[in-house]
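The values are calculated or read from the model by the stated rules, or taken from the named source; none is laboratory data. Model, not experiment: these values are computed from the prediction. Note: ideal-geometry Cβ built from the backbone for every residue, glycine included; neighbour counts use all protein chains shown.
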Amino acid sequence: MRVVLAASIALALASQSAHAQQRRTPSLPGPSDKEKAAAQDQRDYTKSTDDAYKATLQRIPDAKPVDPWGNLRAPAAPAGSAGSSSAK
């Protein structure tokens, strides 16, 4: 009896979630002309903002390579004097 009761409860819960996922036709009409105009204004504003952002990114100069340890290294030796020191 408990198995039948548990199975029926599980079936009822599963059917409710499946019922909630079904597509329903809207009972209200679509957006009004005012809402459509507001949505178009929002899209235009977003596009202009995105274009301005991209243009600003294009104006930023390329960064030079950073060498944080560069001032701690010895200066580079000339190519002809490598290994020719005669200090004894």
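Check the range 4-24 and report whether any residue there is at pLDDT 85 or above and under 30 Å from the mean Cα position of the chain (by Cα).
no
Just checking, does the range 72-87 include any residue being assigned to a helix (DSSP H, G or I) and either surrounded by 10 or more Cβ atoms within 10 Å (Cβ to Cβ) or modelled with pLDDT of 80 or more (or both)?
Checked against the condition, which is being assigned to a helix (DSSP H, G or I) and either surrounded by 10 or more Cβ atoms within 10 Å (Cβ to Cβ) or modelled with pLDDT of 80 or more (or both), the range 72-87 yields at least one hit.
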